[in-house]
Structures are given as structure tokens and as C-alpha cells.
1. Starting from the Cα of residue 147, step 7 Å toward the Cβ, then list every residue of the range 1-17 with an amide N under 11 Å from that point.
2. Run the quick spin-label model on residue 7 and residue 138: label points 7 Å from Cα toward the beta carbon, then report their separation in nm to one decimal.
3. State the extension gain, in nm to one decimal, for the chain segment bounded by residue 23 and residue 105, taking 0.36 nm per residue of separation less the distance between their alpha-carbons.
4. I'd like to compare 46-58, 62-74: which one has the highest average count of other Cβ atoms within 10 Å, and what's the full order after that?
5. In what sequence do 43, 31, 114 fall when counting other Cβ within 10 Å, fewest first?
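Quick note: the coordinates plus some simple rules give every number you see, no bench work behind them. Because the structure is predicted, anything quoted here is derived from the model rather than measured. Reconstructed Cβ throughout: ideal geometry from the backbone, glycine too, with neighbour counts over all protein chains shown.
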């Protein structure tokens, strides 16, 4: 995996040169533990190849969280005093079909976010979900979690 100028822990790589979906959703290659690093960890997503999402098409990158390293433990990334909110989403990038063309050169930073303290609550494993409405499988992304403390 390219490191983009950072020291990248292989245990925190979410995806390495992973192709985008051919119409639909696709999860990153791995679910990674961020645990009590929340607030001290950052997710960074880079273009693994040149990427162009045409006007009229969408690309969505969404944070998913889990209580353990299994897909079965998935939960929305927001909770309140009553518990987890069923229809909550945390987007790192949201380009819908009404937006103009979006393009990146290989190696460009696509998006980044610091995981806010308290966002995950007891869900301290993360994964990304990529969604497109066209065949974007010729394009690829790299993503990793980076400790910032």
C-alpha cells in the first residue's frame, strides 16, 4: 500500500487499491478497531487511480461502525440517550447526481475525517461503505486509519 507520506500501520488499512462498485454498494476490505483512539484517530481516503465521477452520477463514502470485528455487529454511527438511531448516516463524502463532475488524480486526497470522541460510543470498530449509481469499477481507492496523537 502507498503510505502518502504517513507511517501506516497495516492493522489499520481499510482498503488497498480497492475498486469502486459497479452500481451499488461495496464495503472496504477490512473492519478495523479504533477503540479508545476515537478523537485521536483520522480516516484518510486517497485515489488509488485517476477517478472521474461524471455529472449525473453519484459517489458516497459512508462510515459504518461495529461492536466487534464482524459484519453482524453493525450499527448506525449515532446514538442518543435512548440508544442507537436506526436511520443515521455519517458521510465522509456525498456527491449526488445533481452535482457537477468530480475528479481526482491518482494519489490525491479524496476525503479525511477525525473520528469525533463519543461518536462511536461502544462501537469501536469501523469500516467504509462506497456507493455508486454507475459502473465505477475501473477506479480504485486506498483508505486507512491513522493515529494522530
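1. 9
2. Calculated label separation equals 4.0 nm.
3. Details: separation 82, 0.36 × 82 = 29.52 nm, distance 2.14 nm.
The span from residue 23 to residue 105 would gain 27.4 nm if fully extended.
4. Details: 46-58: 17.1, 62-74: 15.5.
The packing order, highest mean first, is 46-58, 62-74.
5. Working: 43 23, 31 20, 114 14.
Least to most surrounded, the residues fall as 114, 31, 43.
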